[in-house]
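Inspection log for the structure reproduced underneath, given as structure tokens.
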Amino acid sequence: MTFNALWLTDPKENKTPAKIEQVDETTVLQLPITLRVLYSSLNYKDALALRAKAPVIRQFPLIPGIDMIGEVVASESSEWPIGKLAVVTGWGIGEQYHGGLAEKFSAKVEWLTSLPEEISPINAALIGTAGLTAMLAVLQLEQQGITPEKGPIAVSGASGGVGSFSTWILAKLGYQVTAISGDPYAEEYLLETLGASSILPRSELSASGKMLQAERWAGAIDCVGNHTLANLLAATQRNGCVVACGMAQGLELSTSVAPFILRSIRLVGIDSVYCEVARRNAAWQRFATLLSHSPLPIPYQSIALNQAIAFADRLLEGNICGRIIVKTT
Ligand code: NDP
């Protein structure tokens with residue numbers, strides 16, 4: 001028995017390392033649960049892997065795809081009967097283990113999250129790693145006592161995947177959001193579609209700044225790192241909290257202890273890949289609550305598995321607005 005999958009081989013040994021292959025079930029489906037993949041999504045990390053632009057893949061050959069939603073078709077666990085829907089993000093899938101860009105997926109039980117009934121399979125795919133990361137960041141702000149009354153929240157990389165979800169979730173929860181964006185065409189999207197209260201050009205925070213600045217925000221969700229993160233720390237009000245999610249501007253962080261020891265600022269990191277199960281479940285439940293009141297406004301394009309390589313190129317060129325959902329069967 002075989003199924004269709006995107007199949008990556010070592011780019012050092014192969015001129016066309018990414019292509020669609022009929023793969024043998026017996027060699028790939030070796031974990032206790034088998035899912036028929038309904039949707040996967042194409043993330044920046046997947047595009048890097050497909051085009052061998054960064055060392056995302058830890059062993060070849062491998063099926064890429066860092067998130068997926070599917071239906072159980074074979075199971076060794078009574079908790080996961082045939083027909084149940086599951087979502088999987090992170091845990092090293094599409095990096096170390098075979099991922100979701102295929103018709104079938106092989107999973108460990110501990111990777112599977114039940115899909116709340118308020119979340120449709122397509123919305124689960126749309127949320128994927130980006131939405132989960134944003135929700136984990138919002139939960140952190142709440143846990144740190146940053147409620148809407150404390151003041152506005154800054155979101156950097158606001159028109160990207162994590163930034164869009166962060167902006168939308170915060171606005172829905174009643175926060176005032178300052179969307180920090182370098183996209184000159186995103187004004188209507190950020191203000192009207194996602195509900196941001198104001199926009200700040202990315203350039204205002206992207207260069208090195210003073211170690212302490214006027215206090216502007218009660219908290220921040222940062223998707224870009226580097227000088228932007230340093231400036232957010234410097235401009236967060238006393239007892240505020242900054243949540244670091246990403247590094248679109250860069251991995252480096254040059255700051256001082258001033259925000260921490262003079263304003264009690266907290267800096268919290270998010271790792272959605274190995275995030276513990278209870279926190280993941282809480283994040284998906286919050287999405288269920290939000291989606292029972294409002295539709296997801298994030299734009300997306302739905303593509304077939306055989307279009308993923310071309311769309312990976314467009315994603316890397318920055319030519320994509322919104323999320324890319326891959327309909328695998
Ligand atoms: P996207 O590419 O969708 O969004 C990133 C956004 O950052 C862009 O849309 C842009 O927004 C902004 N940006 C891009 N380049 C720069 C730059 N040079 N300087 C400042 N801002 C820039 O990526 P995602 O939203 O999917 O991911 C965002 C970050 O989060 C990435 O670094 C990713 O690796 C990381 N990530 C981390 C996870 C975790 O578990 N911690 C999980 C998922 C992603 P705009 O045009 O609006 O300025």
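The values are calculated or read from the model by the stated rules, or taken from the named source; none is laboratory data. Here the structure is a predicted model, which means the values were calculated and not measured. When we count neighbours, we look across all protein chains shown, and the Cβ atoms used for this are built from the backbone with ideal geometry, even at glycine.
Are any of the residues in region 34-42 farther than 22 Å from Pro299 by Cα and of a type outside the set (Val, Ile, Thr)? Checked against the condition, which is being farther than 22 Å from Pro299 by Cα and of a type outside the set (Val, Ile, Thr), region 34-42 yields at least one hit. Counted as qualifying within region 215-324 are the helices (runs of 4 or more DSSP H) with 3 or more residues that are crowded, with 16+ Cβ neighbours inside 10 Å, namely 226-234, 277-291, 308-316. Inspect all residues belonging to region 119-127 and state whether any of them is touching an Asp or Glu at 6+ places or on another chain (Cβ under 8 Å), buried (at least 17 other Cβ atoms within 10 Å of the Cβ) and not assigned by TED's automatic domain parsing to the domain that holds Met68. Among the residues of region 119-127, at least one is touching an Asp or Glu at 6+ places or on another chain (Cβ under 8 Å), buried (at least 17 other Cβ atoms within 10 Å of the Cβ) and not assigned by TED's automatic domain parsing to the domain that holds Met68, which makes the answer yes.
So that you can scan it fast, the table gives a plain yes or no per residue for (1) more than 15 Å from the ligand (Cβ to nearest atom); (2) over 30 Å from Val87 (Cα atoms); (3) at pLDDT below 95:
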site	(1), (2), (3)
Pro259	yes, yes, no
Ile265	yes, yes, no
Asp271	no, no, no
Cys275	no, no, no
Ala304	yes, no, no
Gly322	no, no, yes
Thr329	yes, no, yes
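Where strands (runs of 3 or more DSSP E) fall entirely within region 1-116, those with at least 3 residues that are touching a residue at least 60 places away in the same chain (Cβ under 8 Å) and closer than 21 Å to Ile309 by Cα are at 2-8, 18-24, 33-42.
Could you tell me whether region 97-115 includes any residue that is touching a Ser or Thr at 6+ places or on another chain (Cβ under 9 Å), under 30 Å from Glu25 (Cβ atoms) and within 13 Å of the ligand (Cβ to nearest atom)? No, that holds for no residue. Does any residue of region 71-82 turn out to be within 16 Å of the ligand (Cβ to nearest atom) and either touching a Phe, Trp or Tyr at 6+ places or on another chain (Cβ under 7 Å) or under 17 Å from Ala5 (Cβ atoms) (or both)? No, region 71-82 has no match at all.
Criterion applied to Ala179, Ala207, Ala196 was being in a loop (DSSP other than H, G, I, E, B), of a type outside the set (Phe, Trp, Tyr) and in contact with a strand residue (DSSP E or B) (Cβ under 6 Å, 6 or more places away or on another chain), and the one residue passing it is Ala196.
Counting only residues that are surrounded by fewer than 24 Cβ atoms within 10 Å (Cβ to Cβ), aliphatic (A, V, I, L, M) and more than 13 Å from the ligand (Cβ to nearest atom), region 165-190 holds 2 of them. Just one of the listed residues (Leu85, Leu42, Leu48) is within 16 Å of the ligand (Cβ to nearest atom) and either over 20 Å from Val162 (Cβ atoms) or surrounded by 24 or more Cβ atoms within 10 Å (Cβ to Cβ) (or both), namely Leu42. Taken over region 200-214, the criterion of being under 20 Å from Gly151 (Cα atoms), away from the ligand (no atom under 13 Å from the Cβ) and surrounded by 12 or more Cβ atoms within 10 Å (Cβ to Cβ) is satisfied by Leu212, Gln213. Among residues of region 135-164 being near the ligand (Cβ under 8 Å from one of its atoms) and part of a helix (DSSP H, G or I), the one that is surrounded by the most Cβ atoms within 10 Å (Cβ to Cβ) is Ser164.
Conditions tested, residue by residue: (1) charged (D, E, K, R); (2) outside the structural domain of Ala18 (by TED's automatic domain parsing); (3) at pLDDT 95 or above.
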{"position": "Gly70", "(1), (2), (3)": "no, no, yes"}
{"position": "Thr89", "(1), (2), (3)": "no, no, yes"}
{"position": "Glu103", "(1), (2), (3)": "yes, no, yes"}
{"position": "Leu136", "(1), (2), (3)": "no, yes, yes"}
